[in-house]
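A.B. asks: Below you'll find the structure I mean.
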Amino acid sequence: MMAALEAGADDVISDEDGHIIYCAFENIGEVSTSLAKELGAEAESVKPIFKPHNGTPIDAEKGATLLMLIETLEEDDDVQNVYSNFEISDEDMAKIEAE
Amino acid sequence: MAGHSKFKNIMHRKGRQDGLRSKLFSKLSKEITVAAKSGMPDPAMNSRLRLAVQNAKGQSMPKDNIDRAINKASATDGDEYQEVRYEGYGPGGVAVIVEALTDNRNRTASNVRSTFGKNGGTLGETNSVSFMFDRIGEIIYPLKLAMLMM
């Protein structure tokens, strides 16, 4: 992940789905361009986002309603992006999935 | 975003991907059109348009669709899209920010409000929740590049 940090990124998070690189809003063009050059590959997505300072923990029951809310919002043709600060435990997530 | 990837997994498993994909294309084209309208209709001279085009390519949107979206910006009878941000609380006091591009603010506001209402949330004033978020850049690379980056 040195490539990302050298390119001016502030933070890199890697999980089983891929790599998420965060940088200052003003530097997004610069960082993504030099990263693409360094890696020889374009990113899957490059965009300004709203990142929550702190997560709000939420239980399975409310979490299910919340996910429904977010999903319905995203299905609206006028809506481009939805951001939220929810935090659902793995256990509760499994419960919601099972429903 | 906390829980983000897990949430994505759920959405995928529900088998709604096809529907979401066509929606995704229409959302990407809308962003391209608005970006092209906000400055020069040339990605080399308009950084917002450059990002929008790059993201559309990243999602394998056909080049024809991309060109059409750019050309749409210079069409005189085109729709006028406005950027609107809605902020509110979902169930459990979770903060939610919604970004929309709309040609009819009344319709969008009423849809968003009713979606919040039906799902245990309330729509608040602008800036009522955005102070809890940072505006930052996010760059996503798929896992197959992992080896290169280590």
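The values are calculated or read from the model by the stated rules, or taken from the named source; none is laboratory data. The structure displayed is predicted, hence computed values, not measured ones. Don't worry about glycine lacking a Cβ; one is built from the backbone with ideal geometry, like all the others, and counts go over all protein chains shown. Ligands, DNA and RNA are excluded from the accessible area calculation, which covers all protein heavy atoms including side chains. Shrake-Rupley method; radii C 1.70, N 1.55, O 1.52, S 1.80 Å.
A.B. asks: When segment B:86-103 is examined, which residues are found to be more than 10 Å from A:SER84 (Cα to Cα) and more than 18 Å from the chain's Cα centre (by Cα)?
C.D. replies: Scanning segment B:86-103 gives B:PRO91, B:GLY92, B:GLY93.
A.B. asks: Can you name the residue in segment A:31-47 that is more than 7 Å from chain B (Cβ to nearest Cβ) and over 16 Å from A:VAL12 (Cβ atoms) and is also most open to solvent (accessible area, probe 1.4 Å) among such residues?
C.D. replies: So, considering only residues that are more than 7 Å from chain B (Cβ to nearest Cβ) and over 16 Å from A:VAL12 (Cβ atoms), the one most open to solvent (accessible area, probe 1.4 Å) is A:LYS37.
A.B. asks: Ok, one more. Looking for something more than 7 Å from chain A (Cβ to nearest Cβ) and either touching a Cys at 6+ places or on another chain (Cβ under 6 Å) or open to solvent by less than 20 Å² (accessible area, probe 1.4 Å) (or both) - is there at least one such residue anywhere in segment B:91-104?
C.D. replies: no
A.B. asks: In the same structural domain as B:THR33 (by TED's automatic domain parsing) and either more than 18 Å from A:GLN80 (Cα to Cα) or open to solvent by 40 Å² or more (accessible area, probe 1.4 Å) (or both) - does that describe any residue in segment B:50-58?
C.D. replies: yes
A.B. asks: Would you please name the residue that is surrounded by the most Cβ atoms within 10 Å (Cβ to Cβ), looking only at residues in segment B:113-131 that are over 22 Å from A:GLU61 (Cα atoms) and in contact (Cβ under 8 Å) with a residue 12 or more places away in the chain?
C.D. replies: Top of the filtered list is B:VAL129.
A.B. asks: Return a yes/no flag: does segment B:48-58 have any residue that is part of a helix (DSSP H, G or I), modelled with pLDDT of 90 or more and small (Gly, Ala, Ser).
C.D. replies: yes
A.B. asks: Here is a follow-up. Could you count how many residues in segment B:79-90 are aromatic (Phe, Trp, Tyr) and open to solvent by 70 Å² or more (accessible area, probe 1.4 Å)?
C.D. replies: Result for segment B:79-90: 1.
A.B. asks: I would also like to ask the following. Of the conditions (1) within 9 Å of chain A (Cβ to nearest Cβ); (2) not in a helix (DSSP H, G or I), B:ARG107 clears all except one; give me its number.
C.D. replies: (2)
A.B. asks: Going through A:THR33, A:THR56 one at a time, which residue ends up being touching a helix residue (DSSP H, G or I) at 6+ places or on another chain (Cβ under 7 Å) and over 23 Å from B:LEU101 (Cβ atoms)?
C.D. replies: A:THR56
A.B. asks: Further, regarding this structure: Could you pull out the residue among B:ARG113, B:ARG135 that is more than 9 Å from chain A (Cβ to nearest Cβ) and either farther than 30 Å from A:ASP15 by Cα or not in a helix (DSSP H, G or I) (or both)?
C.D. replies: Exactly one residue qualifies, and that residue is B:ARG113.
A.B. asks: Something else: Quick one: count up the residues across segment A:8-30 that are open to solvent by 20 Å² or more (accessible area, probe 1.4 Å) and β-branched (Val, Ile, Thr).
C.D. replies: The total comes to 3.
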